[in-house]
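Nothing in this text is a laboratory measurement; each read-out follows from the coordinates by a stated rule. Because the structure is a prediction, the values reported are computed rather than measured.
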Amino acid sequence: MNRIVTVAAAILGMVAAIACAMVQAQVDNKAVTGLTPNKVRWFTPTYYNDGRQRAQLFGDSSRGGVWIDRVKIPSGGRVLAHTHTQDELVTVIQGAWLLGEGAKFEEAKLRPYPSGSFIVIPAGVAHFVAAREGLVIVQLSGTGKFQTDYIEK
């Protein structure tokens, strides 16, 4: 029960921080900032070698502070078991994101999360992901430098 309350409090704090940062940015700029899908700039980070792409929508996840990124996973793509040093907050934007828990990729443990799903993966929890059929796009958000530690090589 305490873990649920802690995770809920962390989520509320993160949402509040993102909202405050966005309001502050609007106050500082005195203008609405919008990004339509065709204006999202996708790139392939040097640490992606499996067809994935990333887009930084707000802030910079590699430097810290408040940030929002999107990740594209091609059909048939998979990410081996890994952990993160902070909670991973995931919203499925497109497709069915498959998630499994454990220190080794196991197809049988994958659970589908369809478009519109929201998932919280607590810091330190080993997990793996896949996109079986069709392109999958997820949105990640957080505060602080985002780090991935791979368990499987």
Worksheet item: When we measure straight from the Cα of LYS145, which aspartates and glutamates land under 15 angstrom away, once same-chain ones fewer than 8 places off are left out?
Response: ASP60, ASP69, ASP87, GLU88
Practice prompt. Among the lysines, select those whose C-alpha is under 20 Å from the C-alpha of LYS39, and discard any that sit fewer than 8 residues away in the same chain.
Written response: LYS72
Worksheet item: Near LYS153, which aspartates and glutamates are there with a Cα under 20 Å away, not counting those fewer than 8 places off in the same chain?
Response: ASP50, GLU101, GLU106, GLU107
Discussion item. For region 82-151, I need the span (max minus min coordinate) of the C-alpha atoms along each principal axis, in Å, sorted largest to smallest.
Written reply: 30, 25, 15
Worksheet entry | Backbone HN-Hα couplings from phi across region 101-113 [Karplus 6.51/-1.76/1.60, Hz, Gly and Pro as x] | 9, x, 8, 9, 4, 9, 3, 5, 8, 5, 10, x, 10
